[in-house]
1. Which of the pairs Lys116/Lys173; Lys146/Lys169; Lys113/Lys149; Lys147/Lys169; Lys116/Lys169; Lys149/Lys173 have their Cα atoms more than 27 Å apart in this structure?
2. Hey, with R₀ at 25 Å, roughly what FRET efficiency would Leu163 and Ser212 work out to, going by the Cβ-Cβ distance, to 0.05?
3. Segment 143-200: which trypsin sites (Lys or Arg not before Pro) are DSSP loop and have at most 10 other beta-carbon atoms within 10 angstrom?
4. Can you list residues from other chains, or at least 5 along the same chain, whose modelled amide H is less than 5 Å from the amide H of Val101?
Amino acid sequence: MFDIHYNARREGRNHAPKDDLPYALIVSVRSQAGRDFYDSIVAEVRERARTDQHGRRDPCHDISGSPAIVTAEGPMPELTRAELFAIADLFLMRARARGIVEYGEIYRLLNRKDDKDNTIFRGMEKALRLLSSDRSVLYDALLSLKKSKVPSNGFFDILENSLHFDWRKRVGKSHASLEEDEKRVLTREQRELAYAHAATLPQDYLTELLRSEEPHAVE
């Protein structure tokens, strides 16, 4: 426990402003017990969020176990269960064929012209968790911009912050500083992982998952 005390000064004299001083506290936590420290906490918090104090599942949670995002205007729009499975099916099909997914295909699949409210972006994260629950395999690597044939910078941001990829050792600089050749190498590696992972999933994997009452991705 510690206190934060602020001595306000104005021209060298004491000062008592009416407004509170805003501040932020950033804490880094390291554990010698193992590298899954963060994952363990997230999993426990997510499991607690799924149920109320009587052990009943909260209906505000979607199939991925993540709480709905609520703003002052109410809950943000989310993709439907069918749309999430459609996205997962598209990525799984392309991974089995060792292919890619262009961004425009997702818009056409969902019959949308844009993603101004980030509904598709948030939904894609949930959809791809159906294929790899802990995101140790990033199916996002299949995404492809028409010109560069690699994913957008958002993918490399996810990879840089992934617990399953030693970015500091492998890359050593911010994803924003990557050259195109470096992006292609990283993309190729992650696509190969997705291709290999997809080959281990049963042919009827998503069909059976869709039929289940409580879908959970398997590795």
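Just so it is clear, none of the values below were taken in a lab; they were calculated from the coordinates. It should be emphasised that the depicted structure is a prediction, and the values quoted were computed from it without experimental measurement. Cβ coordinates were reconstructed from backbone atoms using ideal geometry, including for glycine residues, and neighbour counts include every protein chain displayed.
1. From Lys116/Lys173; Lys146/Lys169; Lys113/Lys149; Lys147/Lys169; Lys116/Lys169; Lys149/Lys173, over 27 Å: Lys116/Lys173; Lys146/Lys169; Lys147/Lys169; Lys116/Lys169.
2. Efficiency at R0 = 25 Å is approximately 0.40.
3. Lys146, Lys147
4. Hits under the 5 Å cutoff: Leu143, Ser144.
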